[in-house]
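The values are calculated or read from the model by the stated rules, or taken from the named source; none is laboratory data. Treat the numbers as computed from the prediction; the structure is a model and nothing was measured. Virtual Cβ from ideal backbone geometry, glycine too; neighbours counted across all protein chains shown. SASA here: full protein model, heavy atoms, side chains in, ligands and nucleic acids out. Shrake-Rupley method; radii C 1.70, N 1.55, O 1.52, S 1.80 Å.
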Amino acid sequence: MDERETRRAGYPLTIPDALLGSEAMQRACATRNFREIFRLVNRRTGSSHAVIASAVGKMTSARVSDIIRGVRGIRGQQVIERVADGFGIPGEMLGMPPRPWEGGSPEDTDGTGIGRNNVGTTLTSEHENPDSLDPGMPRHVEVVSVDRRAFFSASAAALTLGPMSATQLDRGRRVIQALDVMGNDSPDTIADSLGELIDHYALSVSAKPPAEVYDELLMVRSYTNRILGNSGTLRRRKDANLATGWLSWLLGIAACDMGAHAAAHLWCAEAERRSREAGEPELVGWSMLTRSMIAYYQGEPQHSVTFASQGQHATSMGTVIHAKLAAQEMRAAAMAGDAEGMGKSWRYAAKAMTKLPSGIKMTGTFSIALAEDPPYTATSLMLLGRFEEAVSATNRVIQTHYRPDARQSGEKPSGYARALLILALAQAGNGDLDEAVSSGHAALVSDQLAWPTMVLAGKLNQVLKRDFADARQTAEYYARYLEASTLITHAP
């Protein structure tokens, strides 16, 4: 028995040195090609999908099959750590510090399997409202604590990011380097450069894993404090200050998608402060929309209505944010069971949609879907028990807004998943078990599952268990739901 196998006594699976040292495995680990890693372990050790799933932990054989077939991937840092520990792959081969079983320094781990470089993130128990949309979702939710030092230096921000891949860290550093060069050339151009970054991250936050976007954004947002200290004219300083507020709000969006509610509210409050200082109310509206959505997915419709109403008062008819806030108020009223309020908000949201100018954005966070119904109409119908209408409305949204070519290019994968889950809930309400489960499975085939998506997935699980308790399909969906929940509850 070699030294590595000796150190790993008690682990269910340790791949042999011959496989570990092979060119194929070395190349797969260097590029984090987990499809190839799993395929090699499966074929060269004879380990079944069930054995591999058991070795990695918190994984089903169905997911192992999906990974090998290329249907799903692996991105979450803790999942990567479990793969290394499950197969006996040294941390260095996957771009990580040494794993505990390698016999490294005790400073490399805190005994939980999570390295101490996870400064600034804490896994804790967050007590959700028992009446939330998702009573069935696991209660352990990651809460990201914001280190105040990160507000004052980019270097401190890098320390709070936890386990980042080299690619992620390089991206953040390169953005900062570019801003540094442009700021030295002409400080007055920085505000324009920040505006370009806001447009970029508004697209990224809709299409990439939220933890990845959050890490990079935090580095850039922290660096803007130095920029503000060196702004040129007062007018440009005001512009840079407002741009910093927009970056804070985008951090709030990413934190919301990670389930880090406290951090999201802090970032939104910061965005609102800078918005008011600059005399630009639109940012307040977007921040209120984020707050309203958090309350909605926490199962607090009255708070959601309040935030949406406040946001509408701060913004003007004819803007995208005003229309989205009206639609959000409609959805929250439906959750509260207020059919009259839902109808009133629907009419106002429909009017707001007609006032939008031509040429509005169709992708990214600042976009709105132009359709015959206001956004969230299908959800509102479903919440009021009008399931047949909800199925028809959701299918229209999917066909017109989430086109196959758009999905292939990565456009709004989380939004598409939520649309599928609304469809599944409406189908379940209609009694269509097979269709509901099929839509639910399709929604969870993603490595970019955000907290709101998992709330809806948990609601579907609850409905299936209530209405189809003994069905095989219900058990299969529950297994997939539990597996998918690890991607959000254990995200880096």
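From largest to smallest, the equivalent ellipsoid semi-axes obtained for segment 300-394 from the alpha-carbon gyration tensor read 21, 16, 10 Å. Just the protein heavy atoms count here, and of the accessible area of segment 272-380 at 1.4 Å, carbon and sulfur take up 52 percent. Accessible area per residue for segment 9-100, computed on protein heavy atoms with a 1.4 Å probe, is 43 Å². For segment 212-371, the solvent-accessible area with a 1.4 angstrom probe is 37 square angstrom per residue. Taking the Cα centre of segment 259-400 as origin and assigning +1 to Lys and Arg Cβ atoms and -1 to Asp and Glu Cβ atoms, the resulting dipole is close to 220 debye. Sorted on the mean count of surrounding Cβ atoms within 10 Å across their residues, most packed first, peptides 264-274, 247-257 read 247-257, 264-274.
Relative to the current alpha-carbon distance between Gln399 and Ala24, full extension at 0.36 nm per residue lengthens the span by 130.9 nm.
For segment 293-399, run through the GluC sites (Glu not before Pro) and keep only the ones in DSSP coil with at most 14 other Cβ atoms within 10 Å of their Cβ. Filter output for segment 293-399: Glu372. Using Cβ point charges alone (K and R +1, D and E -1), the dipole size of segment 18-94 about the Cα centre works out to roughly 300 debye.
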